[in-house]
Every structure is written in C-alpha cells, then in structure tokens.
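Okay, so here's the structure we're looking at.
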Amino acid sequence: LQKLLILLQVTASVVVGKTLLILFPSAMKRYILKLGEKSRMNKNPKFSYENWGPTFFSFKYLLFVLKVKWKRLEDEAYEGRPAPNTPVVTSNGEVCHLLDFMRDNRPLILNFGSCT
C-alpha cells in the first residue's frame, strides 16, 4: 500500500511538473535553478543547466525517484533496536554493508563530508 501511494504521489508530481515545464518553460527553469542552488549543483562549472535541467520530470527521473523512495521504505532505525545494515559503496567502488566495518565491541563512527 505504501508503494502504491508513493507511486501515485510521484507520478502526479512528475505529470504536474512536466505540464508546467511545457506551459511555462522560463518560470520552470528559474524554479529548477533555485533547486540547484539549494543542492549547490549550479556551483560546478562543468555541470550547466542544459546538462541536468531538462532531466527533471522525465520518465528516467520518475523511475529514479520511485527507486529511491521505495528503497527508503526499507530503512528503519529505532532507538534501542539494532541499526539497519545499509549497503554502502567504498571509494574503490566495492559494494558492502555498513555493519561490515564493525570491529569487536567498539562503536562505529560515521564521518560525512564532501569534496568539490
């Protein structure tokens, strides 16, 4: 039932977005560029609007968003219960699981960052 509701929500969002993109292309370009500012996507000089803007509200976009949202349904963490063993990708491209990095009885520390 949750997947069906997500499918309906994302599909409606994509249909409305695509319709607005066709009817008001310049306003939607400004809106999409604002989204790019939030994620700092537009700070990368090699990543112009023409490269990523038109992909919004496409069929591939729909499938990607569905995949992410459906995958998040499986990610549940509750206080006092074991942590989810989420898949992660190493810098070498190797896929493993988060809890594979646990050693003995020591806590696992996650440090997030980015490199631009």
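Annotation: amide H of Val88 within the under-5 Å range of Cys96, His97, Leu98, sequence separation 5 or more or interchain, hydrogens built in the peptide plane.
Helix 2-23 and the longest principal axis of the C-alpha atoms of the chain enclose an angle of approximately 30°.
Can you classify region 62-116 as rounded, prolate or oblate using the Cα gyration tensor, where a ≥ b ≥ c are the square roots of its eigenvalues, rounded means a/c under 1.5, and otherwise it's prolate if a/b beats b/c and oblate if not? In terms of gyration-tensor shape, oblate.
Could you check how much of the accessible area of the chain is carbon and sulfur, as a whole percent, using a 1.4 Å probe?
Values: 5960 of 9930 Å².
The value for the chain is 60 percent carbon and sulfur by accessible area.
Shape of the chain from its Cα gyration tensor (a ≥ b ≥ c, root eigenvalues): rounded if a/c is under 1.5, otherwise prolate when a/b > b/c, or oblate?
Details: a/c = 2.96, a/b = 1.63, b/c = 1.81.
Oblate.
Dipole orientation for the chain: of the candidates Val68, Thr90, Leu35, Leu35 has the Cα lying most toward the positive pole (charges on Cβ; Lys, Arg +1; Asp, Glu -1).
Taking Val68, Val88, Val14 as the candidate residues, the one with maximal mean-square fluctuation in a Gaussian network model of the chain, Cα springs under 10 Å, is Val88. For region 1-75, averaging the sequence separation of C-alpha pairs within contact (under 8 Å, six or more residues apart) and dividing by the residue count gives a relative contact order of 43 percent.
Cross-link partners of Lys43 among lysines, defined as those whose alpha carbon lies under 27 angstrom from its own and excluding same-chain residues fewer than eight positions apart: Lys18, Lys29, Lys34, Lys60, Lys67, Lys69.
If R₀ is 41 angstrom, what is the calculated FRET efficiency for the pair Arg81 and Tyr31, using the beta carbon separation as r and rounding to 0.05? It would help to have the intermediate numbers written out before the result.
Working: r = 40 Å, r/R0 = 0.97.
That gives a FRET efficiency of 0.55.
With all protein chains kept in place, the per residue accessible area of region 46-116 amounts to 89 square angstrom at a probe of 1.4 angstrom. GNM remark for the chain: springs join alpha carbons under 10 Å apart, and the peak mean-square fluctuation among Phe101, Phe59, Phe47 falls on Phe101.
Candidate cross-link partners of Lys3 among the aspartates and glutamates, defined by an alpha-carbon separation under 16 Å and a same-chain spacing of 8 or more, comprise Glu74, Asp75, Glu76.
The values are calculated or read from the model by the stated rules, or taken from the named source; none is laboratory data. Predicted model only: the values in this text are computed from it and were never measured. Quick reminder, even Gly has a Cβ in these numbers, built from the backbone with ideal geometry, and neighbours come from all protein chains shown. Quick note on the areas: whole protein, heavy atoms, side chains included, nothing else; ligands and nucleic acids left out. Shrake-Rupley method; radii C 1.70, N 1.55, O 1.52, S 1.80 Å.
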